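Worksheet: one structure, shown below.
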Amino acid sequence: MMERLVMLRLQADGCRAEVWLNDIPVASSVTQTGALMVPVHEYLLPGDNRLQLVVSPAEHRLPGPVGTSGGPGGPRLLGQPARARVRLMLPRLGQPGHEAHARTLTEIQLELDPEADTGESRVEERVVPVPAHWPRWRWQELPPIRSVEDVRPLITRFVRLVGTALAQGDVDGLLQASQLRLEDVAQAYGQSTADLAQRWRQRLVQLQQQGALRLALPQGRDIVLRPCGGGRLVQCDGDDGLPVLRSQPDAEGHRVYWPLRIAVLRGHCHVMR
């Protein structure tokens with residue numbers, strides 16, 4: 001287990017915000033209110049790393065760097081500017097999630113003036129080296145997908161099969177499709193692939209027992225395919241910009257989301273991130 005985690009913190013107020021790290025969307029304000037803090041080892045690369053913050057008004061869709069859509073934003077007080085801030089940081093030993101005890105590697109702040117709102121998104125980026133040795137991930141060796149529409153039928157079928165299996169209580173299908181992701185994540189955090197897979201399986205079983213695996217299965221054209229990772233991966237969203245694989249809302253309106261960033265290898269889909 002790594003003692004120090006490189007963390008990303010996103011805070012958005014009155015706007016939609018999405019963070020891309022090395023051309024992969026890794027955090028969004030659309031699935032959570034308040035600050036979002038996530039470790040990002042599996043997205044980091046040797047040498048320079050590119051961090052992008054995309055912000056748009058809450059009432060508009062959120063195009064990412066590749067021109068695709070996002071989801072809903074939070075409320076904003078009348079006359080107050082909408083703003084978002086992302087920090088890439090290295091917390092001190094023993095303080096993995098404490099913002100006040102972390103060294104900032106880079107940060108981006110963006111603000112939207114409600115008086116001058118044109119509905120356009122704003123994008124800003126930073127390039128920063130991140131300490132530690134990061135491997136060259138397997139998705140980087142893949143050829144770019146020539147046409148997303150050419151693989152749409154394959155990806156649509158895959159998403160529906162995984163979603164149907166989850167809805168029927170079969171959690172192993174998603175784990176098997178995510179084997180390459182599990183191996184990468186285990187390597188990124190110095191863990192055992194078997195132990196990580198077991199913890200993920202236990203979590204899925206727990207959700208099943210809680211009745212949280214009631215899924216809204218998407219139709220083919222309801223899936224928005226977003227190229228990422230230099231065109232080597234495809235993220236699968238709904239037309240609202242949220243991950244397409246999601247549970248039905250519970251009594252309090254909460255959902256569980258499973259982001260899918262898929263690679264197509266020899267006619268088969270694999271969840272890579």
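The values are calculated or read from the model by the stated rules, or taken from the named source; none is laboratory data. Every value quoted in this text rests on a predicted model; they were computed, and no experiment measured them. Cβ atoms come from the backbone with ideal geometry, glycine included; neighbour counts cover every protein chain shown. Protein only, heavy atoms only, side chains kept; ligands, DNA and RNA dropped before computing areas. Shrake-Rupley method; radii C 1.70, N 1.55, O 1.52, S 1.80 Å.
Here are some notes:
- Three-way shape call for segment 160-235 based on the alpha-carbon gyration tensor, with the a/c threshold at 1.5: oblate
- Listed peptides 225-237, 172-184 by packing density, highest first (mean Cβ within 10 Å): 225-237, 172-184
- Taking Cα centre as origin and charging only the Cβ of basic (Lys, Arg, +1) and acidic (Asp, Glu, -1) residues, the dipole magnitude of segment 161-231 rounds to 220 debye.
- Heavy atoms of the protein chains alone define the surface here; on that basis segment 126-273 has 50 Å² accessible area per residue at 1.4 Å probe size.
- Value of relative contact order over segment 119-221, rounded to a whole percent, pairs C-alpha under 8 Å and six or more apart: 32
- Built amide H within the under 5 Å cut-off of ARG16, gap 5+: SER56, ALA58
- Heavy-atom surface analysis with a 1.4 Å probe gives segment 117-273 a carbon and sulfur content of 48 percent of its accessible area.
- Gyration tensor (alpha-carbon) shape descriptor, segment 147-273, a/c threshold 1.5: oblate
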